[in-house]
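Presented below is the structure to which this report refers.
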């Protein structure tokens, strides 16, 4: 599996990472090297083997349905570049 | 599942008839106190960003921990949809960028949802019942809310809804008309409300639908579909389907083709329009969320939840028909809301079920609708209405007087039995008194008596006069019998 320049641009756009034209070729090379490395795994026969999700056999922890958080709108928006009345302000997005 | 083509449901095009094929994705907000993966409140509204934890705001280093009640609610809903419950399911990240999604991905379930295939029985107004297949139900996070009208160049983002648990319920494309689609959503909403897993409040956005619409000539393979996003009322769902189907038919009949896309319904303009910006976002790059282990439980857990389920609408309807002798239509009306069904049962208990149903549906519901009230705020309690039904059954009051009594109880309250006494509303069953009134009317109207012999329908006039003379309190059956005998009418 390998990626072409168009795919590199697309992935960058989907991840909202600005990639200049000069960066595309080097990134393509790096990504393909990574993919080739990972591809070695396909040599292993995993027929009938369940994908491993955790190294320790444990069940997912669950919370009980209790309100334990909230009430700190000021902290929530504290790092935002722009706020008003504890709303985040962003460039207009509308359909 | 194959659905037989019903010619009545086809849409007439300019050239020939078209069949519309509809599938739906319903987003139902899970009823819970706190969010799916954080301890912030799910309460509707609130000050901006007040019901938000650092998890919901996607601050670095925060880890999601699942709310066990949301899991239970999803399983209950699955059971209510007669669906397969998956003892192991997986949470995935659905990646896309939008300002009201601070994580940059929605935690959802893609490959292994918590609930698999099920079905919903949907009763249509003409008495037909269809089975709508459920493909799956999965748990996912809601996004925040953007306000666009506060400022000309900026959108305001409130994350109070961010992270609230949703159930996405995906139907098979088994629906063949806007009417079926509306009936399906109505039924699904009823089931969710019975289960107590979603309040079904569409005005508050607790239930939203994405509607997939395509058209085809009957018998042909499925056409290309368009998805109408976020339709938030049952009426709009119907309208959106109608206009979208007609739009597609017009394009195809003009020789064009439908391109698969996401559209928005504009109720004001009565049209759907393309949401182009959503197109490229369709590459969601799902992958299992490394912050969350698979969700696993055993059959004993499912069984314990099944035991706690209430009687569901279909079972209740069948029981109402069976034990109270109701028509399927009346039973359907009564079970639409659990509170109405409970009210009816309180009235019907130990009484004639049909009479109780008539009073609840015709008098009470009619009156509640007129006044814009619902059953919870009914001025007439089930006990009071039951007493009115008893008074009729015992022959103490006539049906006509009962309506007057209902009015008094509605506006003034009070014990119906005591009111009948204190206001002298008792029916006169004493034949002597009725006979006296009948005799007087006959004596005063010899011409009418003569006519009645040739024209028996004049009996009605005599009944009316007698009722008038007795202040409406004469027993109608007794009046009829007496008049027939005296006038010599069969």
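The values are calculated or read from the model by the stated rules, or taken from the named source; none is laboratory data. Since we're looking at a predicted model, the values are computed, not measured. So basically every Cβ, Gly included, is an ideal-geometry build from the backbone, and we count neighbours across all protein chains shown.
Below are the figures for this structure:
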item	result
Within the stretch A:27-50, tally of residues that are more than 30 Å from residue B:68 (Cα to Cα) and part of a loop (DSSP other than H, G, I, E, B)	5
Check on residue B:140, surrounded by fewer than 19 Cβ atoms within 10 Å (Cβ to Cβ) and at negative phi	no
Conditions (1) in contact (Cβ under 8 Å) with a residue 12 or more places away in the chain; (2) touching a helix residue (DSSP H, G or I) at 6+ places or on another chain (Cβ under 9 Å); (3) surrounded by 13 or more Cβ atoms within 10 Å (Cβ to Cβ): number failed by residue B:257	(3)
Considering residues of the stretch A:62-83 that are more than 7 Å from chain B (Cβ to nearest Cβ) and either within 16 Å of residue B:160 (Cβ to Cβ) or in a helix (DSSP H, G or I) (or both) only, the residue nearest to the chain's Cα centre (by Cα)	A:80
Residues satisfying the stated conditions in the stretch B:57-76, i.e. touching a residue at least 12 places away in the same chain (Cβ under 8 Å) and touching a strand residue (DSSP E or B) at 6+ places or on another chain (Cβ under 6 Å)	B:65, B:66, B:67, B:70, B:74, B:75
Evaluation of residue A:8 against (1) assigned to a loop (DSSP other than H, G, I, E, B); (2) crowded, with 16+ Cβ neighbours inside 10 Å (one fails), failing number	(1)
The stretch B:288-299, subset within 14 Å of chain A (Cβ to nearest Cβ) and loosely packed, with under 13 Cβ neighbours inside 10 Å, residue nearest to the chain's Cα centre (by Cα)	B:298
Residue in the stretch B:209-218 that is surrounded by 19 or more Cβ atoms within 10 Å (Cβ to Cβ) and free of Cβ contacts under 8 Å to residues at least 60 places away in the same chain present	no
In the stretch A:51-61, the residues that are more than 7 Å from every other protein chain (Cβ to nearest Cβ) and either part of a strand (DSSP E or B) or surrounded by 11 or more Cβ atoms within 10 Å (Cβ to Cβ) (or both)	none
Test for residue A:48: is it at the interface with chain B (Cβ under 10 Å from one of its Cβ atoms) and either modelled with pLDDT under 95 or at positive phi (or both)	no
Among (1) closer than 22 Å to residue B:91 by Cβ; (2) in contact with a helix residue (DSSP H, G or I) (Cβ under 6 Å, 6 or more places away or on another chain) - the single one residue A:86 does not satisfy	(1)
Among (1) over 27 Å from the mean Cα position of the chain (by Cα); (2) part of a helix (DSSP H, G or I); (3) closer than 22 Å to residue B:352 by Cα, the one test that residue B:396 misses	(2)
Filter pass, residue B:50 being touching a helix residue (DSSP H, G or I) at 6+ places or on another chain (Cβ under 6 Å), within 13 Å of chain A (Cβ to nearest Cβ) and within 30 Å of residue A:84 (Cβ to Cβ)	yes
Positions within the stretch B:58-86 being closer than 22 Å to residue B:28 by Cα and in a loop (DSSP other than H, G, I, E, B), in sequence order	B:64, B:65, B:81, B:82, B:83, B:84, B:86
